[in-house]
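Before any comments, here is the structure.
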Amino acid sequence: MERVAAVYLAHLNPLTIAHTNIISSLLNKNYNVYIYPVRFLKNDKEINTRSFPFPYEIRKAMIESAFGRNASINVSPDYSLESPFIRYLPPLISPLSWLLRNQILRNIREKEFVSYTGDIAERITLTFFRLKPLKARRQAGSASDVKELLYKQAINEFEASRSELKHIENSWQEKVPNGVVDLIERHWDIIKDYAKSTDHTLRVLGMKIPKEGFI
């Protein structure tokens with residue numbers, strides 16, 4: 001029997017244990033898993049913000065650090081929005097949002113596919129886009145929680161006691177795979193740069209989008 005593709009659209013910023021549990025569950029059900037970490041591009045350059053600190057290549061490395069070169073996993077940059085991002089809104093009505101949908105599916109080799117989300121609103125949207133979402137529950141342990149712990153550690157590095165810093169460090173390290181811990185620590189300058197910065201991210205129709213390049 002030919003295997004079915006599972007499409008996983010996500011920020012993965014950073015990759016957490018909750019994310020790896022989702023991917024592992026799809027692998028255990030014998031899907032070929034296509035992972036699409038979202039990218040926001042302006043003049044072919046990725047835009048990052050306090051909400052999206054890690055660029056695509058680091059997030060791809062995070063996935064590879066957790067799963068190695070698994071032949072059943074394909075990590076793709078095709079979930080890419082080109083500035084001005086307002087052109088993709090509102091979803092379903094904007095022709096560009098349908099072009100994005102086709103862009104995501106263009107390199108899937110399997111004849112049949114499903115998609116994954118644990119969010120009810122996202123499941124409705126994926127259904128309208130004919131992406132055949134599976135029924136699933138949201139996993140505990142969000143990337144947003146991890147980011148806030150990372151920023152808290154960076155801000156308090158020169159103020160908090162060693163025991164306080166160790167508690168924060170242990171808290172976020174427990175939420176991400178070991179290989180991701182190493183990648184975050186190697187790119188700690190990114191966390192320090194964003195820790196005290198303003199978050200130039202918009203929330204529009206439930207979507208997080210960088211302010212830069214929105215219009």
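The values are calculated or read from the model by the stated rules, or taken from the named source; none is laboratory data. Remember, it's a predicted structure, so these values are computed and weren't measured experimentally. Backbone-built Cβ (ideal geometry, glycine too); neighbour counts: all protein chains shown.
Going through segment 127-147 one residue at a time, which ones are out of contact with any Phe, Trp or Tyr (no Cβ under 9 Å at 6 or more places or on another chain) and of a type outside the set (S, T, N, Q)?
Phe128, Arg130, Lys135, Arg137, Arg138, Ala140, Gly141, Ala143 - these are the residues of segment 127-147 that are out of contact with any Phe, Trp or Tyr (no Cβ under 9 Å at 6 or more places or on another chain) and of a type outside the set (S, T, N, Q).
Would a scan of segment 45-60 turn up a residue that is of a type in the set (A, V, I, L, M), at pLDDT 95 or above and surrounded by 19 or more Cβ atoms within 10 Å (Cβ to Cβ)?
yes
Given the conditions (1) of a type outside the set (Lys, Arg); (2) surrounded by 20 or more Cβ atoms within 10 Å (Cβ to Cβ); (3) not in a loop (DSSP other than H, G, I, E, B), and given that Ser24 satisfies all but one, which numbered condition is not satisfied?
Of (1) of a type outside the set (Lys, Arg); (2) surrounded by 20 or more Cβ atoms within 10 Å (Cβ to Cβ); (3) not in a loop (DSSP other than H, G, I, E, B), only one is false for Ser24: (2).
Is there a residue being surrounded by 13 or more Cβ atoms within 10 Å (Cβ to Cβ), polar (S, T, N, Q) and part of a helix (DSSP H, G or I) anywhere in segment 149-168?
Yes: segment 149-168 contains one or more residues that are surrounded by 13 or more Cβ atoms within 10 Å (Cβ to Cβ), polar (S, T, N, Q) and part of a helix (DSSP H, G or I).
Anything in segment 174-183 that is surrounded by 17 or more Cβ atoms within 10 Å (Cβ to Cβ) and either in a helix (DSSP H, G or I) or among the basic types (Lys, Arg) (or both)? List them, or say none.
Correct list: Lys175, Gly179, Val180, Val181, Leu183.
Within segment 81-113, take every residue that is under 16 Å from Leu9 (Cβ atoms) and of a type in the set (Ser, Thr, Tyr) and give me the one that is surrounded by the fewest Cβ atoms within 10 Å (Cβ to Cβ).
Ranking the qualifying residues of segment 81-113, first place goes to Ser97.
Which of the following residues is modelled with pLDDT under 85, in contact with an Asp or Glu (Cβ under 9 Å, 6 or more places away or on another chain) and not hydroxyl-bearing (Ser, Thr, Tyr): Leu165, Leu105, Leu149?
Matching residue, one of Leu165, Leu105, Leu149: Leu165.
Quick test of your reading of the structure: Val4 fulfils all but one of (1) surrounded by fewer than 21 Cβ atoms within 10 Å (Cβ to Cβ); (2) at pLDDT 95 or above; (3) more than 18 Å from Arg109 (Cα to Cα). Name the failing condition by number.
(3)
Does Arg186 satisfy being within 29 Å of Tyr31 (Cβ to Cβ), more than 18 Å from the chain's Cα centre (by Cα), surrounded by fewer than 12 Cβ atoms within 10 Å (Cβ to Cβ) and of a type in the set (D, E, K, R)?
Judged against the criteria, Arg186 is not a match.
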